[in-house]
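Just dropping this structure here.
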Amino acid sequence: MSNVTTGPLAAGLRSMLDVSARETNSAWGNPWVMGWIGLILVVLAVNATMIVLAFVTNPGLVNEDYYERGRNIERTLTTRRAEAPGWTMSLDTPADVAKERATTVRFHVVDAVGQPVRPERVTYYAYRPSDPSADFSQPMVEEAPGRYAVKVRFALAGLWDTLVAAETDGQEVIFDQRIGVASR
Amino acid sequence: MADHNPFPGENNTGHFWDDNIRELNNPPPQWWMIALWASLAWFILYGLLYPMFPVMPWQSQESGGFTRGILGWSSIQEFERGMEQVTAVRAQYEDRIADMSAEEILADPGLTQYTLASAKVIFGDYCAACHGSGGQGNPGYPVLADDDWLYGGSLAKITETITNGRKGAMTAHKDILTEAEVDRLARFTVELADGGEGSEAGWALFNEKGCTACHGQAANGILAELPDGTIVTVGAANLTDSIWRFEPGGYESARHTILYGVNQPGIENTRDAVMPAFGDAGGNLEGKLDSNQIKKLAVYVHSLGGGQ
């Protein structure tokens, strides 16, 4: 136990507490210096925490090939327009949708001549623009040909980007709608 | 340790440190003791009065798996009492509605407000799936919030529609008309829908092929107008406005309807356009509405924007 009283740490502590140490011109004995160093350490710690949080909670929404996608936007849009099956779709979110309240959302889809379409899979996605941890998706259930429903519950009030993806033969057709969810 | 007590008669525990630091044996403050006993008394009293202890937890609540309390209170009873109160408050309106016609309800602003609020829930449960949560319609399902009606937008007609349902019919013309005739008629309907007058040849074909029998002489879906203003239709679409019964509308859509018809049994690709009947005056059938609910719905649909 002798090193507790004779080790370098103990020496530092003694010099800090000892008034006579100040007379030896050691800056470590000055409470102002210690205070400033402490402040800097706090700022650095906060920065480090923020940087770690930024990495850990990164939603990863950025595409790997964003530059190429940006350059090809015109071709992508043209392709999408050419491949679009000419469906007419509607997404019906009740006007009184509120947070934490079960709401039935319905999706209607007919083809180019107005006959109901029956995609293999219809999925409802809800994106929270500011908080990806609140995002969710649920499969929609067919109520009648061309009519799909799902009961959803939005965890937060405010803006949501909702999107329905109808999948047939590996091709995905997307319909989106931005909605506002009331706080109660 | 306590062999020699330097502070005799002080009510200390006999534990000393550093000569004079010692543990005293003071009672807790009086307010604290009062609170302790009061909470204990509250606990016992509450346990006696209200359901509390699970005596046989493996038993269901109904078989008495817990102490019931002297007062016999239960949350479900409180809920039921609340519901009775709500029913009592509603009764004054419901009784009046039962004795009134839909027209009379509409003439009373207070009662109309009550009816609209009440019918909104029924509409959400029974109508919104097809006609949209606000009556805005959906592809393949008519809009209820505009003044374009297939069977008429009067209260009587709306009531009739809800009660008995509707099933329009249009013959499939794929084996009746030639490809060229179908093409010309489809173009003709697009001309009319775009606000045009319609070509002479188009009108001639329209009349010749008997389209007027259902769509009317003026192609507006009206067969006759009675002296009292009642409009006679068979549910055929008005071809002279820009509203399409089957979205997205346009040439291809019109052509499809002419070729395969509406609700034609045995015809593949025929339009499916059926509104189920919701009437159930006896109140015996599940999923059906009683006459009061239909009356409320008629007022609601009439008030969506297109009531006549």
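This table checks each residue for (1) within 26 Å of B:GLU286 (Cβ to Cβ); (2) within 11 Å of another protein chain (Cβ to nearest Cβ); (3) in contact with a His (Cβ under 8 Å, 6 or more places away or on another chain).
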| residue | (1), (2), (3) |
| --- | --- |
| B:SER101 | no, no, no |
| B:THR112 | no, no, no |
| B:CYS130 | yes, yes, no |
| B:GLN136 | no, yes, no |
| B:PRO139 | no, yes, yes |
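While we're here: Can you tell me which residue within region A:133-154, out of those that are in contact (Cβ under 8 Å) with a residue 40 or more places away in the chain and open to solvent by less than 50 Å² (accessible area, probe 1.4 Å), is farthest from A:GLN115 (Cα to Cα)?
A:PHE154
Working only within region A:71-96, note down all residues that are of a type outside the set (A, V, I, L, M, F, W, C), within 14 Å of chain B (Cβ to nearest Cβ) and farther than 21 Å from A:PHE154 by Cα.
A:PRO85, A:GLY86, A:THR88 - these are the residues of region A:71-96 that are of a type outside the set (A, V, I, L, M, F, W, C), within 14 Å of chain B (Cβ to nearest Cβ) and farther than 21 Å from A:PHE154 by Cα.
Which one of the conditions (1) more than 25 Å from A:VAL173 (Cβ to Cβ); (2) within 14 Å of chain B (Cβ to nearest Cβ); (3) in contact (Cβ under 8 Å) with a residue 60 or more places away in the chain does A:LYS99 fail to meet, given that it meets all the rest?
Result: A:LYS99 passes all but (2).
Would a scan of region B:276-284 turn up a residue that is modelled with pLDDT of 95 or more, within 12 Å of another protein chain (Cβ to nearest Cβ) and open to solvent by 20 Å² or more (accessible area, probe 1.4 Å)?
no
Give me the pairs: first residue in region B:226-246 and within 14 Å of another protein chain (Cβ to nearest Cβ) and under 15 Å from B:THR257 (Cα atoms), second residue basic (Lys, Arg) and part of a loop (DSSP other than H, G, I, E, B), beta-carbon distance under 6 Å, and six or more apart or on different chains, which are they?
B:ALA237/B:ARG245
Next question. Is there a residue being in a helix (DSSP H, G or I), buried (at least 21 other Cβ atoms within 10 Å of the Cβ) and away from chain A (no Cβ under 13 Å) anywhere in region B:142-151?
no
If we keep just the residues of region A:112-132 that are out of contact with any Ser or Thr (no Cβ under 8 Å at 6 or more places or on another chain) and buried (at least 18 other Cβ atoms within 10 Å of the Cβ), which is farthest from the other protein chains (Cβ to nearest Cβ)?
Per the criteria, the residue is A:ARG128.
Would you check if A:VAL150 is among the aliphatic types (A, V, I, L, M) and within 13 Å of another protein chain (Cβ to nearest Cβ)?
Here the answer is yes, as A:VAL150 does meet what is asked.
Filter region B:247-272 down to the residues that are touching a Phe, Trp or Tyr at 6+ places or on another chain (Cβ under 8 Å), assigned to a loop (DSSP other than H, G, I, E, B) and either free of Cβ contacts under 8 Å to residues at least 24 places away in the same chain or within 11 Å of chain A (Cβ to nearest Cβ) (or both) and list them by number.
Answer for region B:247-272, where residues must be touching a Phe, Trp or Tyr at 6+ places or on another chain (Cβ under 8 Å), assigned to a loop (DSSP other than H, G, I, E, B) and either free of Cβ contacts under 8 Å to residues at least 24 places away in the same chain or within 11 Å of chain A (Cβ to nearest Cβ) (or both): B:GLY250, B:GLU268, B:ASN269, B:THR270.
Filter region B:230-266 down to residues that are among the small types (Gly, Ala, Ser) and surrounded by fewer than 16 Cβ atoms within 10 Å (Cβ to Cβ) and give me whichever is farthest from A:VAL110 (Cα to Cα).
Across region B:230-266, the extreme among qualifying residues is B:GLY266.
Please give the number of the condition A:ALA48 fails out of (1) more than 13 Å from chain B (Cβ to nearest Cβ); (2) open to solvent by 90 Å² or more (accessible area, probe 1.4 Å).
A:ALA48 satisfies every listed condition except (2).
The values are calculated or read from the model by the stated rules, or taken from the named source; none is laboratory data. What you see is a predicted model; the values in this text were computed from it and never measured. For neighbour counting, all protein chains shown are included, and Cβ atoms are generated from backbone atoms with ideal geometry for every residue, glycine included. With ligands, DNA and RNA removed, areas are computed over all heavy atoms of the protein, side chains included. Shrake-Rupley method; radii C 1.70, N 1.55, O 1.52, S 1.80 Å.
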